[in-house]
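Just below is one structure, and these are the notes that go with it.
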Amino acid sequence: MGNARTTSADVARRAGVSRATVSYVLNDRDQSIPESTRKRVLDAARELDYVPNAASRALRGGASRLVMLVNPGLPWSTNVSDFEDALTEAVAASGRSLVVWRRQSPDDLAATLANLEPSVVIGQGSLTRAEEELLERVRIPLVAADIALPGTDLPTRLQAEHLQAYGHSRIGYLTTSEPSLEMFAAPRTAAFRAACAELGLPEPLVASVPGGTAVDPQDVATQLTAWTDGDDPVTAVACFNDFHAAVCLTAAQQVGLWVPYDLAVIGLDDDIFAPITFPPLTSVRLGPADFAIHLWARARHLLGEAPEPDPFVPSAHIVERDSVREPERPAHV
């Protein structure tokens with residue numbers, strides 16, 4: 001009779017391998033493991049009288065009702081929250097449960113999959129090639145959230161069009177150098193440059209600042225001073241997201257720029273705090289819930305439960321508030 005206290009960690013120690021290797025051998029899910037290693041694991045499990053629990057046996061039998069969402073380290077935002085809420089609801093409607101896994105280091109996924117065997121993995125951003133190869137080896141289907149889908153330049157184009165409509169042509173673009181946001185920052189910056197070119201606007205002045213949700217307003221204030229001094233000053237700033245736009249509003253006050261009359265500011269994401277900044281922030285609202293539902297439709301297709309969905313068509317629209325107005329000061333001011 002199996003010893004209920006014996007765990008896969010005990011087997012791993014006896015065999016001199018990782019818990020991930022124990023899981024792959026006992027589940028017969030990675031054919032690349034050397035036969036000598038496989039034998040050590042099986043011998044250790046037999047010597048310790050190790051019996052996987054009922055939940056693990058059900059998972060191995062293909063009855064997993066878990067779906068894993070991989071968050072590659074994205075900081076919290078309204079978009080991330082809305083995406084996860086919509087995906088949780090869609091997954092629950094199929095009788096499954098969503099598990100959100102947040103990457104801490106590149107090696108974490110293997111250790112996690114030694115303890116959790118989802119039926120499908122959905123990426124909330126880019127996975128590393130090593131992570132993709134791992135999922136291929138253990139035969140767990142992956143739905144990759146390609147953030148460079150056709151049409152995802154729409155939000156930045158709306159920013160450029162809106163500023164141009166209010167008479168702005170000399171525009172600064174404020175982005176981030178935060179590594180965890182590079183997958184979003186680089187495409188948005190490139191798309192904003194392209195939008196300006198297509199609209200016949202001058203090349204935007206681009207500056208990146210460190211910190212994802214810990215941007216120093218003084219860094220932005222220094223940049224605003226450089227942009228607005230001289231004979232051809234920047235009159236509007238488009239920002240990578242609303243957090244950077246909120247910092248830009250604070251920095252503008254620090255250097256004596258009156259938003260929106262000295263400087264227009266537009267964000268992106270329409271985050272929860274956008275209506276309560278000073279002045280209230282004009283932004284671009286996205287459709288993260290629609291994207292979540294699309295990814296779940298792709299996952300159901302991989303699971304053989306639904307036809308392949310149509311390509312995703314992103315949506316976005318301007319939410320106009322007070323941080324972008326006519327560039328001239330009111331006559332009564």
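The values are calculated or read from the model by the stated rules, or taken from the named source; none is laboratory data. As the structure is a computational prediction, the values presented were derived from the model and not from experiment. Backbone-built Cβ (ideal geometry, glycine too); neighbour counts: all protein chains shown.
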Considering only region 125-236, give the helices (runs of 4 or more DSSP H) lying wholly within it that have at least 2 residues that are in contact with a Leu (Cβ under 9 Å, 6 or more places away or on another chain) and over 30 Å from residue 64 (Cβ atoms).
154-165, 182-198, 217-228
Suppose the filter is surrounded by 15 or more Cβ atoms within 10 Å (Cβ to Cβ), at pLDDT below 95 and outside the structural domain of residue 139 (by TED's automatic domain parsing); does residue 240 pass it?
no
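Kindly indicate whether any position in region 36-43 is of a type outside the set (S, T, N, Q) and modelled with pLDDT under 80. Outline the logic, then answer.
First, the residues of region 36-43 that are of a type outside the set (S, T, N, Q): 38-43.
Add one more test, that the residue is modelled with pLDDT under 80, and what stays is none.
Among the residues of region 36-43, not one is of a type outside the set (S, T, N, Q) and modelled with pLDDT under 80, which makes the answer no.
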Search region 89-111 for residues that are touching a residue at least 12 places away in the same chain (Cβ under 8 Å) and pair each with any residue that is of a type in the set (Lys, Arg) when their beta-carbon atoms are under 8 Å apart and the residues are at least 6 apart or on different chains.
94/300; 95/65; 96/65; 97/65; 109/103; 111/19
Can you work out which of the residues in region 1-27 that are part of a loop (DSSP other than H, G, I, E, B) and over 17 Å from residue 112 (Cα atoms) is modelled with the lowest pLDDT?
1
Against the conditions (1) touching an Asp or Glu at 6+ places or on another chain (Cβ under 9 Å); (2) of a type outside the set (Gly, Ala, Ser); (3) surrounded by fewer than 16 Cβ atoms within 10 Å (Cβ to Cβ), where does residue 270 fall short? Just the number, please.
(3)
Only one of 90, 86, 130 is aliphatic (A, V, I, L, M) and surrounded by fewer than 19 Cβ atoms within 10 Å (Cβ to Cβ), namely 130
Just a yes or no: is a residue in region 280-291 surrounded by fewer than 18 Cβ atoms within 10 Å (Cβ to Cβ) and modelled with pLDDT under 95?
yes
For residue 229, indicate whether it is assigned by TED's automatic domain parsing to the domain that holds residue 177, over 22 Å from residue 84 (Cβ atoms) and of a type in the set (Asp, Glu).
yes
